[in-house]
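The values are calculated or read from the model by the stated rules, or taken from the named source; none is laboratory data. Just so we're clear, the structure is a prediction, and the values are computed from it rather than from any experiment. Please note: Cβ atoms are built from the backbone with ideal geometry, for glycine as well, and neighbour counts cover all protein chains shown.
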Amino acid sequence: MTAQTDAPLLRVCGLKTWFHTFGGVVKAVDGVSFDLSPGEILGIVGESGGGKSMVGFSIMGLIDKPGRIEAGEIIFDGRNLVSLDDNAMQAVRGRQIAMIFQDPMTALNPLYTIGNQLEEMLTLHTDLGPQARRERCIEMLAEVGIPQPEARLGAYPHQFSGGMRQRVVIAIAMIAGPRLLIADEPTTALDVTIQAQLLRLMKAQVEQRRTALIMITHDLAAVSQMADRIVVLYCGRVVEIGASAALIAGPRHPYTRGLLDSIPANHQGRSRLPQIPGTVPDIRKLPPGCSFAPRCPRAAERCRSEIPELTAAPAGGAFACHFPLEAAP
Amino acid sequence: MSEEPLLRVDGLEQRFDASGSLFDRLRFENGRISAPRRIVHAVNGVSLTIARGEVLGLVGESGCGKSSLAKTIIKLHEPTAGRIMLEGEDITGYGFQRMQPVRRKMQMIFQDPYASLNPRQQVSDIVVEPWREVAGGTSGDAHERAMQLLAKVGLGAEHAARYPHQFSGGQRQRIGIARALSVNPDLIIADEPVSALDVSIQAQILNLMLDLKDDFGFSYLFITHDLSVVRFISDRIGVMYLGFMVETGPRDAIFDNPRHPYTQALLKAAPRIGQPLPPAAEQLTGEVPSAFVLPQGCAFRTRCPLAHARCATERPALKHIGAGQSVACHLHEADETPLPAAALSAAA
């Protein structure tokens, strides 16, 4: 947690990413704020439709029509990325901020060798000569644990297994030395023994270079092993943010509590699991007050009319709830 | 457990021919033309039993053959070898016609709630289709039956006339469960029924599946890759690797005292909430070998930290080691000579 004393590398402030569809305005991200220091790992968790991937895409400047950033700032290293034009953003993307996608099967171009795809990053973002680029590629593949890296430069993506492809994707993301890495469900498509290998690899890579990491996932267990702090999203809004250990030991928001309770491993014996009733509401027709109110066991009249503000907790962290759970003793 | 189990599977094997057409197979090597076949060894001699009212959880990573095993048991694939006995009746060689009455006893719930429902059928028709096939009831009965089934899985009468696309993933899985229930089966094979669902919805469906089991008294063969789910729902657990059953036992024995090195590694690799990443030394290295060419000897030896000479030559059989737990590993055979010192120090 020493990282937090540094000036933030990234400050997202009141971010609103909306999609204007024929069915209505989809407020995928609706007023999200957080900051991130160099070398810090931030987990963004939530269920499908929570808007967590859209936060990542917004930072990367990858929001396409009918979506757009309606309001808010994304201050990266002193510059507001929202106001950059395409060319300026292109220089940031890949060089300063890199992204790892969920599906290693589709993230690589099947028509180019992995050597080509790695080297492209160096050609675009560095002044290295051909020989130096080649050496750097071999070095990088070895670093992510690809055996016989020199021979594998000429191989195509289909010649790799899923776990190995994700290693290649990590190598491509890290090779230009980005200062912020965004990983969107990086291990969801992989088996548990391979997932453990890759989480360790990612953690080693970012620690070694003091790269900041945003890990976006639905898997609270995996994120709790990686992140310094965790942001919980529900229907495009931050419902809780806090240091990982504190948030897991003593969540203040009923949704965070519900998510934690729903994990079967946290449950002793084989009685019924505590469950969150109902389903995530249609994001085009959110209830007027707190979006979680229809599913919340603590909801009262006030929750159905007034959207709770994110308020700082005395013990650190913040939550958006009118009737928060007791702080952990 | 002295009575005849509901389901008994003996030495089941499933091999798929993935060679393609003759033209795909043709090879020209050393001046000779050959057309070798490529065989996937999906299930390799698996034996298991399920008692009435019992939940057998089957875990393993992708490609370990757990889905192939399930589909072979329910005869969506013809087994290559072995025997499948349901209530003492040998159904191994049954063709489509003779399977019809058997399907009344055995139903399946699929992983993907989007692909497993016919998009052009109303929900009330979907849920009674298996029942219509085996019982041939009238339409009046069918409607009433559909209403009962929907109520059982927590859906209302207003949902009956809708189509699958009007439902969320969790609701669709409820429809799939209602369909399996329609014939009052004795065994439900559930292939990753909650993997596609969000964690809050997953808890709802797991609770529903347990409630229904208590109501109806059927058994589950529950397939999942998620260790926390299998721990929650199972009475007994089987662990598969590369088409082999490597360990079986009561749930608590598997979790508290896993004996096979693969089970141990799998449990350690699973992310646990609030725990740090496991140390690298406890992690498995490498990846699962190809099911086209099985390793000689033990299938796990290429990744096993404790493998020794015997593992490369002799395939370990699943042997009972007490308290209902069985393991297929040379380290746990009673007549095994003490482990070579080199193997032990390599593991430490």
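Only residues that are more than 9 Å from chain B (Cβ to nearest Cβ), of a type in the set (A, V, I, L, M) and touching a Leu at 6+ places or on another chain (Cβ under 7 Å): list them for region A:177-201, please.
Of everything in region A:177-201, those that are more than 9 Å from chain B (Cβ to nearest Cβ), of a type in the set (A, V, I, L, M) and touching a Leu at 6+ places or on another chain (Cβ under 7 Å) turn out to be A:LEU180, A:LEU181, A:ALA183, A:LEU198.
Within region B:130-220, considering only helices (runs of 4 or more DSSP H) that don't extend past its boundaries, which have at least 2 residues that are more than 12 Å from chain A (Cβ to nearest Cβ), over 18 Å from B:PRO113 (Cα atoms) and not polar (S, T, N, Q)?
B:139-152, B:199-216
Do we find that B:PHE255 is hydrophobic (A, V, I, L, M, F, W, C), free of Cβ contacts under 8 Å to residues at least 60 places away in the same chain, assigned to a helix (DSSP H, G or I) and in contact with a helix residue (DSSP H, G or I) (Cβ under 8 Å, 6 or more places away or on another chain) in this structure?
Criteria met by B:PHE255.
Would region A:308-324 turn up any residue that is farther than 23 Å from A:ASP30 by Cα and either surrounded by 18 or more Cβ atoms within 10 Å (Cβ to Cβ) or within 14 Å of chain B (Cβ to nearest Cβ) (or both)?
Within region A:308-324, none of the residues are farther than 23 Å from A:ASP30 by Cα and either surrounded by 18 or more Cβ atoms within 10 Å (Cβ to Cβ) or within 14 Å of chain B (Cβ to nearest Cβ) (or both).
Scan (1) over 17 Å from the mean Cα position of the chain (by Cα); (2) surrounded by fewer than 17 Cβ atoms within 10 Å (Cβ to Cβ) for the single condition B:VAL40 breaks and write down its number.
(2)
Go through (1) closer than 30 Å to B:SER195 by Cα; (2) within 20 Å of the chain's Cα centre (by Cα); (3) among the polar types (S, T, N, Q) for A:GLN96 and report which single condition fails.
Failed condition: (1).
Tell me the residue from B:ARG303, B:ARG310, B:ARG251 that is at pLDDT 90 or above, over 26 Å from A:GLY163 (Cβ atoms) and within 12 Å of chain A (Cβ to nearest Cβ), please.
Exactly one of B:ARG303, B:ARG310, B:ARG251 is at pLDDT 90 or above, over 26 Å from A:GLY163 (Cβ atoms) and within 12 Å of chain A (Cβ to nearest Cβ), namely B:ARG251.
Pick out the one residue from A:ASN116, A:ASN87 that is surrounded by fewer than 14 Cβ atoms within 10 Å (Cβ to Cβ), out of contact with any helix residue (DSSP H, G or I) (no Cβ under 6 Å at 6 or more places or on another chain) and of a type in the set (S, T, N, Q).
None of the others qualify; the one that does is A:ASN87.
Out of region B:104-124, which residues are closer than 29 Å to B:GLN166 by Cβ and surrounded by 17 or more Cβ atoms within 10 Å (Cβ to Cβ)?
Residues satisfying the conditions are B:GLN107, B:MET108, B:ILE109, B:PHE110, B:GLN111, B:PRO113, B:SER116, B:LEU117, B:VAL123, B:SER124.
Is there a residue being more than 14 Å from every other protein chain (Cβ to nearest Cβ), within 24 Å of B:LEU197 (Cα to Cα) and surrounded by fewer than 12 Cβ atoms within 10 Å (Cβ to Cβ) anywhere in region A:264-286?
yes
Under 8 Å between Cβ atoms, at least 6 apart or on separate chains: pull out the pairs that start in region A:240-261 with a residue that is under 21 Å from B:GLN202 (Cβ atoms) and in contact (Cβ under 8 Å) with a residue 40 or more places away in the chain and end on any residue that is polar (S, T, N, Q) and surrounded by fewer than 20 Cβ atoms within 10 Å (Cβ to Cβ).
Taking only residues 6 or more apart or on different chains, the pairs are A:LEU260/A:ASN266.
Conditions (1) surrounded by fewer than 21 Cβ atoms within 10 Å (Cβ to Cβ); (2) not in a strand (DSSP E or B), marked per residue:
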residue: A:CYS13; (1), (2): yes, no
residue: A:GLY39; (1), (2): yes, yes
residue: A:ILE44; (1), (2): no, no
residue: A:ILE63; (1), (2): yes, yes
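Looking only at region A:198-220, filter to residues that are touching a Ser or Thr at 6+ places or on another chain (Cβ under 8 Å) and not aliphatic (A, V, I, L, M); which one of those is farthest from A:ALA91 (Cα to Cα)? It would help to see each step written out before you state the result.
Start the filter on region A:198-220 by keeping residues that are touching a Ser or Thr at 6+ places or on another chain (Cβ under 8 Å), which leaves A:198-199, A:205, A:212, A:216-219.
Within this subset, residues satisfying the condition of being not aliphatic (A, V, I, L, M) are A:205, A:217-219.
Details: A:GLN205: 22, A:THR217: 27, A:HIS218: 30, A:ASP219: 32 Å.
Across region A:198-220, the extreme among qualifying residues is A:ASP219.
Could you say which residue among B:PRO250, B:PRO271 is within 22 Å of B:CYS64 (Cα to Cα) and touching a Gly at 6+ places or on another chain (Cβ under 6 Å)?
B:PRO250
Residues to consider are B:GLN275, B:GLN296; find the one that is of a type in the set (S, T, N, Q), at the interface with chain A (Cβ under 9 Å from one of its Cβ atoms), free of Cβ contacts under 8 Å to residues at least 40 places away in the same chain and part of a loop (DSSP other than H, G, I, E, B).
Exactly one of B:GLN275, B:GLN296 is of a type in the set (S, T, N, Q), at the interface with chain A (Cβ under 9 Å from one of its Cβ atoms), free of Cβ contacts under 8 Å to residues at least 40 places away in the same chain and part of a loop (DSSP other than H, G, I, E, B), namely B:GLN275.
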